[in-house]
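Accompanying notes for the structure given below.
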Amino acid sequence: MARRRRQRKKLDLTPQEITIDSLAHDGRGVGRDAEGKVVFVDYALPEEKVRFVPVMHRKSYLFGSTIEVLEPSPHRVEPRCEVFGQCGGCVLQHLDPDKQIEYKQQQLLENFKKIGGVEPESWFDPMTSKHWGYRRRARLGAKFVPKKGGMIVGFRERNSSYIQPTSKCDVLYPEVSDLLPDLRETLEKTSCNDKIPQVEISVADNATVMIVRHLETFLQTDLDLLTEFAKRNDVVVFLQPGNLKSVHPLYPENPDPLFYDFKEFDVRVEFLPTDFIQVNGDINDALVSRAIELLDINQDDRVLDLFCGVGNFTLPLARKAREVVGVEGDQALVNRAIHNKKLNNLETVDFFFGDLFKEDMTADSHGEWLQQGFDKVLLDPPRSGAAEMVRRMPQFDPSKIVYVSCGPATLARDAGVLVNEHGYRMTHAGVIDMFPHTAHVESIAVFEK
């Protein structure tokens, strides 16, 4: 006998009023309705009373969207972007920037307490820079939609696969934002405009690069259009007909290597347009300087840099320490880091491949670095954190650890292990305004024996 499917309760779309108490990790306002159910409301702020319409319900909570602000927060500001609320790139433009960073610090503190059972002994002042025109790397969606006037270029809408068309974006570098209309018109004129799903943008110190992903072979007329676009806007255009290995330059045919400089350390970092680099160049400069300062490097120190990428921290560290070891789980990035070592004539640094998410790593498969002790350690993992390497920390036995994080929950988890299991003190922690107007939280923490 077939099982009868449980009927889902029909969503009541009647507008409701609610008072917002706090902000969730994704930037939504949080309150409770008349029945005591938790409600997450888009674009609502603490201290506000809003009218919202329900958009999704679950057994113990509800999602809603603000339709009217009845009592605004004193920290509410007018969003600068004309498509704010539709575009998913930013979710906090309606909140004063100083309050944005305050909210992120509160979120970090709550994660430390609830997940790690720890608190820093003291807080750093937030590390901030400009709030607009800061983003040097982005992936823009593209789609040909005749009903909406043709080619659409922009970020994805929030909680949707649809693309929000935009003619400018104030968080992008101005030189990138200014060429968006020309980019849209150029892509629309190609013969396969309905087979171009995205364009990746990367801004180096010496060039702006665009990688055009295309699912159908371009005709010569298409290549001519894109070449003229590159010349007209003084940008470098790459094409991506397949996977990342298929990325190749269109114009110029042999572009100069992309790079960014750390003038304080006399270091140049070269990278490919497909490589990861920090989105916010100004903050990255300040962050590298701050991390090295916090490690308190001297000329006798051996330093380990885990998740080192192309050498963003490792190369400047090598100007200060006796010896530096950088380890990365992507062999292509390791190769690039070795190239950068040679480029900067640095003899005191070595790079190794290592799967840093494997707890059963062995010296035989990952090199002798795994058996060595280190005076200081720098961690800069992805959002998933560094659980496996944190468990190994007694093996390395550093006197000081600086942990740079883009995931407050995983930082809190790892901090709990370092403090409660390995006997470290979390002497300082603070937030970094790497992504203004978004809900992303970048942070830094210092641990000492």
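The values are calculated or read from the model by the stated rules, or taken from the named source; none is laboratory data. Bear in mind the structure is a predicted one, so any value in this text is a computation, not a measurement. Ideal geometry is used to build each Cβ from the backbone, glycine not excepted, and the neighbour counts take in all protein chains shown.
From the list L346, L304, L294, exactly one residue is of a type in the set (A, V, I, L, M), farther than 20 Å from F271 by Cα and surrounded by fewer than 21 Cβ atoms within 10 Å (Cβ to Cβ). Which is it? Walk me through it before giving the result.
On the way: L346 fails: farther than 20 Å from F271 by Cα; L304 fails: surrounded by fewer than 21 Cβ atoms within 10 Å (Cβ to Cβ).
L294 is the lone residue from the list that is of a type in the set (A, V, I, L, M), farther than 20 Å from F271 by Cα and surrounded by fewer than 21 Cβ atoms within 10 Å (Cβ to Cβ).
Can you name every one of the helices (runs of 4 or more DSSP H) wholly within segment 358-449 that holds 2 or more residues which are closer than 30 Å to F84 by Cβ and at pLDDT 95 or above?
Where helices (runs of 4 or more DSSP H) fall fully within segment 358-449 and carry at least 2 residues being closer than 30 Å to F84 by Cβ and at pLDDT 95 or above, they are 408-420.
Look through segment 142-157, keep the residues that are under 19 Å from the mean Cα position of the chain (by Cα) and crowded, with 20+ Cβ neighbours inside 10 Å, and return whichever of them is farthest from E293 (Cα to Cα).
Looking only at segment 142-157, we keep the residues that are under 19 Å from the mean Cα position of the chain (by Cα), and these are 154-157.
If we keep only those that are crowded, with 20+ Cβ neighbours inside 10 Å as well, we get 154-155.
Working: G154: 39, F155: 37 Å.
Only one residue tops the list, namely G154.
Regarding D397, is this residue assigned by TED's automatic domain parsing to the domain that holds K114, among the acidic types (D, E) and either in contact with a Gly (Cβ under 8 Å, 6 or more places away or on another chain) or farther than 25 Å from G29 by Cβ (or both)?
Details: assigned by TED's automatic domain parsing to the domain that holds K114: yes; among the acidic types (D, E): yes; either in contact with a Gly (Cβ under 8 Å, 6 or more places away or on another chain) or farther than 25 Å from G29 by Cβ (or both): yes.
It is true that D397 is assigned by TED's automatic domain parsing to the domain that holds K114, among the acidic types (D, E) and either in contact with a Gly (Cβ under 8 Å, 6 or more places away or on another chain) or farther than 25 Å from G29 by Cβ (or both).
How many residues does segment 185-212 contain that are without any contact (Cβ under 8 Å) to a residue 40 or more places away in the chain and within 16 Å of I152 (Cβ to Cβ)?
Going residue by residue through segment 185-212, those that are without any contact (Cβ under 8 Å) to a residue 40 or more places away in the chain are 185, 189-192, 195, 208, 210, 212.
With within 16 Å of I152 (Cβ to Cβ) added as a condition, the list becomes 185, 189-190, 192, 195, 212.
Here the count works out to 6.
Does segment 259-270 include one or more residues that are modelled with pLDDT of 95 or more, surrounded by 15 or more Cβ atoms within 10 Å (Cβ to Cβ) and acidic (D, E)? Can you show your working first?
Quick first cut of segment 259-270, residues modelled with pLDDT of 95 or more only: 259-270.
If we keep only those that are surrounded by 15 or more Cβ atoms within 10 Å (Cβ to Cβ) too, we end up with 259-260, 262, 265, 267-270.
Okay, now just the ones that are also acidic (D, E), so 270.
Within segment 259-270, one or more residues are modelled with pLDDT of 95 or more, surrounded by 15 or more Cβ atoms within 10 Å (Cβ to Cβ) and acidic (D, E).
Go through (1) within 25 Å of the chain's Cα centre (by Cα); (2) buried (at least 20 other Cβ atoms within 10 Å of the Cβ); (3) not charged (D, E, K, R) one by one and return the number of the condition T66 breaks.
In the conditions (1) within 25 Å of the chain's Cα centre (by Cα); (2) buried (at least 20 other Cβ atoms within 10 Å of the Cβ); (3) not charged (D, E, K, R), T66 misses (1) alone.
If you take the residues of segment 124-141 that are touching a residue at least 60 places away in the same chain (Cβ under 8 Å) and touching a helix residue (DSSP H, G or I) at 6+ places or on another chain (Cβ under 7 Å), which of them is surrounded by the fewest Cβ atoms within 10 Å (Cβ to Cβ)?
Looking only at segment 124-141, we keep the residues that are touching a residue at least 60 places away in the same chain (Cβ under 8 Å), and these are 124-132, 134-140.
When the remaining residues are screened for being touching a helix residue (DSSP H, G or I) at 6+ places or on another chain (Cβ under 7 Å), the result is 126-131, 134, 136.
Values: P126: 16, M127: 18, T128: 18, S129: 16, K130: 12, H131: 17, Y134: 21, R136: 22.
Looking at residues that are touching a residue at least 60 places away in the same chain (Cβ under 8 Å) and touching a helix residue (DSSP H, G or I) at 6+ places or on another chain (Cβ under 7 Å), I get K130.
So the check is Cβ under 7 Å with 6+ separation or different chains; which pairs have a first residue in segment 45-60 that's touching a residue at least 24 places away in the same chain (Cβ under 8 Å) and surrounded by 15 or more Cβ atoms within 10 Å (Cβ to Cβ) and a second one that's charged (D, E, K, R) and assigned to a strand (DSSP E or B)?
L45/R76; P46/D21; E48/E71; K49/E17; K49/E71; V50/E68; R51/E17; R51/E68
So which of A409, A387 ends up being closer than 17 Å to V441 by Cβ and either without any contact (Cβ under 8 Å) to a residue 40 or more places away in the chain or not hydroxyl-bearing (S, T, Y) (or both)? Outline the logic, then answer.
Working: A387 fails: closer than 17 Å to V441 by Cβ.
Of the residues listed, the single one that is closer than 17 Å to V441 by Cβ and either without any contact (Cβ under 8 Å) to a residue 40 or more places away in the chain or not hydroxyl-bearing (S, T, Y) (or both) is A409.
Please state which one of Q93, Q86, Q107 is crowded, with 16+ Cβ neighbours inside 10 Å and either more than 13 Å from Y43 (Cα to Cα) or in contact with a Leu (Cβ under 9 Å, 6 or more places away or on another chain) (or both). Let's see the steps before the verdict.
Values: Q93 fails: either more than 13 Å from Y43 (Cα to Cα) or in contact with a Leu (Cβ under 9 Å, 6 or more places away or on another chain) (or both); Q86 fails: either more than 13 Å from Y43 (Cα to Cα) or in contact with a Leu (Cβ under 9 Å, 6 or more places away or on another chain) (or both).
Q107 is the lone residue from the list that is crowded, with 16+ Cβ neighbours inside 10 Å and either more than 13 Å from Y43 (Cα to Cα) or in contact with a Leu (Cβ under 9 Å, 6 or more places away or on another chain) (or both).
Would you point out the residue of segment 226-249, among those that are crowded, with 19+ Cβ neighbours inside 10 Å and of a type outside the set (G, A, S), that is nearest to D182 (Cα to Cα)?
Going through segment 226-249, the residues crowded, with 19+ Cβ neighbours inside 10 Å turn out to be 226, 229-230, 235-240.
Checking which are of a type outside the set (G, A, S) leaves us with 226, 229, 235-240.
On the way: L226: 11, F229: 8, V235: 12, V236: 15, V237: 14, F238: 17, L239: 17, Q240: 20 Å.
So the residue we want is F229.
Select, from A415, A409, the only residue that is more than 25 Å from R136 (Cα to Cα), buried (at least 24 other Cβ atoms within 10 Å of the Cβ) and not aromatic (F, W, Y).
On the way: A409 fails: buried (at least 24 other Cβ atoms within 10 Å of the Cβ).
Exactly one of A415, A409 is more than 25 Å from R136 (Cα to Cα), buried (at least 24 other Cβ atoms within 10 Å of the Cβ) and not aromatic (F, W, Y), namely A415.
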